[in-house]
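S.K.: Below is the structure I would like to discuss, written out as structure tokens.
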Amino acid sequence: MKANMKKEKEEEGRRKKEEGRRKKEEGRRKKEEGRRKKEEGRRKKEEGRRKKEEGRRKKEEGRRKKEEGRRKKEEGRRKKEEGRRKKEEGRRKKEEGRRKKEEGRRKKEEGRRKKEEGRRKKEEGRRKKEEGRRKKEEGRRKKEEGRRKKEEGRRKKEKKKVR
């Protein structure tokens, strides 16, 4: 009977010891599980922070690209306008040149015409002067002829008287 009780007590002690070991192991397992979960939480938090930062960076990049696009568009518009202005300026200058060339041609033609007119008048004057000289000479010759005839007539009359 005493031996039976002793055996039972030993069995009880062994059972309790086993229970303690099991609980200790359970505690260790739970602690490990907690540590693992904490680490997991820290990792997820870090991941979230990283994604948020990435999103902020991408948003900023998008804003920068949009601004760059707007700037380029404006630059293109400005260049196009500048090109249009230069083209118009070129057209205006070309027209001005054409007008001046035409004006020059007209003046040259006018000069040529006046020169020709002057030459014609000069020739006309020379011709008239020559005509006047010729008529004057003709008059002088006729006058001389008249004087000569008069003289001859006088001489004949004189001769008649002498006879």
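S.K.: Give the aspartates and glutamates reachable from LYS121 as a straight Cα distance under 17 Å; neighbours fewer than 8 places away on the same chain don't count.
M.R.: Partners found: GLU110, GLU130, GLU131.
S.K.: To the nearest 20 Debye, how big is the dipole of the chain about its Cα centre, given +1 on the beta carbon of each Lys and Arg and -1 on that of each Asp and Glu?
M.R.: 2560
S.K.: Aspartates and glutamates within cross-link reach of LYS59: Cα-Cα under 15 Å, excluding same-chain residues under 8 positions apart?
M.R.: Answer for LYS59, where 15 Å is the Cα cut-off: GLU67, GLU68, listed by chain and number.
S.K.: Which of the lysines could be linked to LYS66 by a straight reach, that is with a Cα gap under 27 Å, when you skip same-chain ones fewer than 8 residues away?
M.R.: Answer for LYS66, where 27 Å is the Cα cut-off: LYS51, LYS52, LYS58, LYS79, LYS80, listed by chain and number.
S.K.: Let me ask something additional. Measuring from label point to label point, each 7 Å out along Cα→Cβ, what is the LYS86 to GLU46 span in nm?
M.R.: Here the modelled spin labels are 5.8 nm apart.
S.K.: Here's a follow-up. Roughly how many nanometres apart are two label points built 7 Å out from the Cα toward the Cβ at GLU26 and ARG141?
M.R.: 16.9
S.K.: So what does the Cα-only Debye profile of the chain read at q = 0.12, 0.13, 0.15, 0.20 Å⁻¹, as log10 I(q)/I(0), no solvent term?
M.R.: For the requested q values the scattering log ratios are -0.99, -1.03, -1.09, -1.24.
S.K.: Please determine, in degrees from 0 to 90 and to the nearest 10, the orientation of helix 2-162 with respect to the longest principal axis defined by the Cα atoms of the chain, where the helix direction is its Cα long axis.
M.R.: For helix 2-162, the angle is close to 0 degrees.
S.K.: Still on this structure: Whole angstrom only: what separates the Cα centroid of region 127-163 from the Cα centroid of region 63-84?
M.R.: 105
Quick note: the coordinates plus some simple rules give every number you see, no bench work behind them. The shown structure was predicted, so the numbers you read here are calculated from the model rather than taken from an experiment. Reconstructed Cβ throughout: ideal geometry from the backbone, glycine too, with neighbour counts over all protein chains shown.
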